[in-house]
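What follows is a set of notes on a single structure, which appears directly below.
Please treat every number below as a calculation from the coordinates, not as lab data. Just so it is clear, the structure is predicted and the values come from calculations on it, not from any experiment. Virtual Cβ from ideal backbone geometry, glycine too; neighbours counted across all protein chains shown.
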Amino acid sequence: MKDRKRVLLLEPFYGGSHKIFADGLAAATHHEMNVLTLPARYWKWRMRGAALHFARACGEAGRSDAGTGAVHSPGQEPNPDWNQDPDLILAGSLMNAADFRSIFRALYGRPCPPVLLYMHENQFTYPLAPGEKMDYQFAFTDITSALAADRVLFNSGVHMEMFLSSVERFARKMPDAKPHWAADVIRKKAFVCHPGVFSREFSDFPADTILNRLGLDGGEKSHQTNPTTPEAPSERIKNNRKRLVIWNHRWEHDKHPEAFFEALEAVAGRGMDFCVAVLGEQFEKSPDIFENARKSLGSRVAAFGYEPDRETYFRWLRQGEVVISTALQENFGISVTEAAACGCIPLVPERLSYPEIIPKAFHEVCLYRSHEQLVERLVDILSAPRSFDTIRHSLAAEMVKRYSWEKRIVEFDRHIGETASGG
């Protein structure tokens with residue numbers, strides 16, 4: 001690649017969608033990329049202190065003895081002279097870019113390389129947990145971080161607009177010295193850049209073969225299976241359509257799990273036959289609704305707990321009839337995108353990022369406007385899953401085409417090159 005840049009990716013919350021993004025980008029980029037990470041915990045402390053950790057670690061990012069958290073891009077030879085500064089710092093949104101730049105200069109006595117900030121989320125629009133009060137210091141950190149970066153990428157258009165509108169409202173709240181100019185400055189260097197989601201395990205297949213890979217091209221045969229054991233994709237055509245409902249989101253309040261389990265209870269009350277796989281990632285503390293729901297669902301539970309093995313995880317998705325989101329906050333929606341590409345019909349709110357990431361041709365089937373509509377559409381799908389197979393196939397092919405890293409990396413590499421060159 002002409003003008004190949006040396007990039008240091010700093011991810012202070014290496015888990016969930018942040019990890020999927022970092023790994024996918026590092027594997028797909030044509031630039032030379034090193035990655036430094038911190039574990040996905042203590043997000044508030046990451047916003048406060050990750051900049052200090054990474055600024056100090058930058059001096060050792062390319063050494064063979066750099067230690068835990070330093071990796072080279074898969075399949076690429078590292079530059080032997082990585083003790084020199086990289087051409088670009090690509091930072092996740094839980095690192096304070098303003099602190100990083102100032103500390104870097106203080107430590108090394110020279111300007112920090114250009115910084116490209118990728119906004120996975122922001123602290124203005126993230127819903128508060130029950131009993132929690134808004135801490136505007138974290139929101140203010142988002143503002144200063146975006147102002148300090150040379151370029152800011154958002155994972156969706158709706159996320160970018162919500163953030164910039166929030167910056168404007170926040171400025172009006174200040175008692176004096178109001179930074180009314182901040183949102184305009186950020187907007188001039190802000191871009192929307194949807195993440196890649198699928199690696200070569202998906203993108204190597206032409207779209208017209210996806211139906212076969214998902215096991216949707218044959219007739220149904222009676223076949224009893226153990227509901228707690230995920231089958232290989234080819235087994236889908238053999239089993240008797242277990243009517244599997246997927247939940248693959250974080251076990252946190254912003255995903256509104258109460259509404260999801262209420263919908264399942266309503267469907268069960270109508271005598272519908274289904275089972276459920278609850279696969280999302282868990283952190284230090286999960287809402288009580290999960291354990292309560294596990295007991296009430298009883299034998300309907302096919303899987304209940306985070307599945308860290310990606311191959312097994314995708315096997316579960318390939319068996320699903322439907323994936324549901326009841327989220328209160330979603331800036332992109334990697335979990336829904338993954339499930340839709342595996343053949344699940346997504347039932348998602350007609351708000352947040354979902355109208356943006358789901359192709360318009362599928363909005364009528366996939367987007368719901370109320371809890372009652374969610375229940376009715378879930379009943380429709382579980383009552384006659386085979387009648388949705390054409391939609392299932394078409395949507396899977398479109399999601400893979402749109403969100404494969406093979407396609408998305410072109411835009412990311414352009415932003416990397418332009419920002420590193422001062423564009």
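Legend: calculated FRET efficiency, Glu265 to Arg48, from the Cβ-Cβ distance at R0 = 30 Å, rounded to 0.05, equals 0.15.
The stretch between Arg169 and Glu411, if pulled fully straight at 0.36 nm per residue, gains 84.0 nm over its current Cα-Cα span. Legend: distances between Cα atoms for Lys255/Lys285; Lys19/Lys189; Lys19/Lys188; Lys360/Lys401; Lys44/Lys188; pairs beyond 18 Å are Lys19/Lys189; Lys19/Lys188; Lys44/Lys188. Put one equal scatterer on each alpha carbon of the stretch 123-185, apply the Debye formula with no solvent term, and list log10 I(q)/I(0) at q = 0.28 1/Å to two decimals. Each listed q corresponds, in turn, to -1.40.
Placing unit charges on the Cβ atoms of the charged side chains and taking the dipole of the stretch 256-408 about its Cα centre, the candidate lying farthest along the positive direction among Ala340, Met272, Leu297 is Ala340. Dipole magnitude of the stretch 249-389 about its Cα centre, charges +1 at Lys/Arg Cβ and -1 at Asp/Glu Cβ only, in debye to the nearest 20? Dipole about the Cα centre, nearest 20: 240 debye.
For the stretch 90-177, which trypsin sites (Lys or Arg not before Pro) are in a loop by DSSP, counting at most 11 other Cβ atoms within 10 Å?
On the way: sites: Arg101, Arg105, Lys133, Arg151, Arg169, Arg172, Lys173; in loops: Lys133.
In loop regions of the stretch 90-177 (DSSP not H, G, I, E or B), the sparsely surrounded trypsin sites (Lys or Arg not before Pro) are Lys133.
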